[in-house]
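Quick notes on the structure that follows.
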Amino acid sequence: MTTPAELVARSDGSITAEQVQRWLDRGRLWLNEDGHIADLSGLKFLVAADLLDPPEEAGP
Amino acid sequence: MTADRVADRALCGARTRSAGGRACRNPAGKGTSHVGTGRCRHHAGSTPSHLVAAEVVVAERALRTLGEPIPTDPLEGLQRAVDSAAGLHHGLQQLVREAAASDDSRALVPRLALYADAIDRLARTARQAVEARLTERQARINQEQGELLVRFVVAALAVAAIPPELHRPFRAALAVEIDRHRHIEEGGTP
């Protein structure tokens, strides 16, 4: 069964399923009642923020 | 053949009348179409119910090795599911037509039920595939926009000759601002 995070992840690794799952876990993305990611328009900001300040470098 | 090797093999195992109720020692499926599985031909191994039971056992055994996980791109996997559903739909459509053409109502009724299920399955998998492709496209467009924004920032830092030691705090501050903007845009408080 394909998870919503896997559907958004890119096969070239530029967006990973773990990254998407982290956004979901932190409420940056959310699922609609069908179990799909509700609104992907915010993804550009999440991608930009992670590229500008990668989470592993950002510290706790 | 040694006793140990005989014990390792699958046996028919049916209760025998001639041997005082002992289990049949014939190899499983001996003399049937399912050699290696189930009852031998002397103990009802070729009756319809035993043939079906043997097929189930063979399929389950095969799945233990065929069911190994294979890394699959989700969209490709969904497309394969749609193709399989379409193939099943087409095959059942043919079977329904054949039964209808030969006026064989005993065959037609169960085939119609299977055909109805196949229509539902094809519609369901096709819908899932369409939704997945839309999701993938929306994600790709937004990813490109996010990457473009970062390229502008990197170029601006270079053009403005901002010292490299300031890049990291600037990028971190910008990331916070972007996240704040996204939060406000989605109806959150500033």
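The values are calculated or read from the model by the stated rules, or taken from the named source; none is laboratory data. Please read all numbers here as calculations on a predicted model, not as lab measurements. When we count neighbours, we look across all protein chains shown, and the Cβ atoms used for this are built from the backbone with ideal geometry, even at glycine.
The conditions of being farther than 30 Å from A:I15 by Cβ, in the same structural domain as B:A116 (by TED's automatic domain parsing), in contact (Cβ under 8 Å) with a residue 12 or more places away in the chain and surrounded by 13 or more Cβ atoms within 10 Å (Cβ to Cβ) are not met by B:L78.
Matching residues to (1) within 8 Å of chain A (Cβ to nearest Cβ); (2) assigned to a helix (DSSP H, G or I); (3) not small (G, A, S):
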{"residue": "B:A126", "(1), (2), (3)": "no, yes, no"}
{"residue": "B:T135", "(1), (2), (3)": "yes, yes, yes"}
{"residue": "B:R140", "(1), (2), (3)": "yes, yes, yes"}
{"residue": "B:V154", "(1), (2), (3)": "no, yes, yes"}
{"residue": "B:E165", "(1), (2), (3)": "no, yes, yes"}
{"residue": "B:F170", "(1), (2), (3)": "no, yes, yes"}
{"residue": "B:L174", "(1), (2), (3)": "yes, yes, yes"}
{"residue": "B:R180", "(1), (2), (3)": "no, yes, yes"}
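Checked against (1) over 28 Å from A:L7 (Cβ atoms); (2) free of Cβ contacts under 8 Å to residues at least 12 places away in the same chain; (3) exposed (fewer than 15 other Cβ atoms within 10 Å of the Cβ); (4) of a type outside the set (D, E), B:Q93 meets all criteria but (2). In the range A:3-29, the residues that are exposed (fewer than 15 other Cβ atoms within 10 Å of the Cβ) reach residues that are assigned to a loop (DSSP other than H, G, I, E, B) and charged (D, E, K, R) with C-beta atoms within less than 6 angstrom, at least six apart or across chains, in these pairs: A:S11/B:D73. Filter the range B:8-39 down to the residues that are hydrophobic (A, V, I, L, M, F, W, C) and either farther than 20 Å from B:E60 by Cβ or not assigned by TED's automatic domain parsing to the domain that holds B:E60 (or both) and list them by number. B:A14, B:A19, B:A23, B:C24, listed by residue number. Of the residues making up the range B:106-138, those that are of a type in the set (G, A, S) and in contact with a helix residue (DSSP H, G or I) (Cβ under 8 Å, 6 or more places away or on another chain) are B:A107, B:A118, B:A126, B:A129, B:A132.
Residue count for the range B:96-114 under the criterion of being among the β-branched types (V, I, T), without any contact (Cβ under 8 Å) to a residue 12 or more places away in the chain and either surrounded by 14 or more Cβ atoms within 10 Å (Cβ to Cβ) or not assigned by TED's automatic domain parsing to the domain that holds B:R133 (or both): the result is 0.
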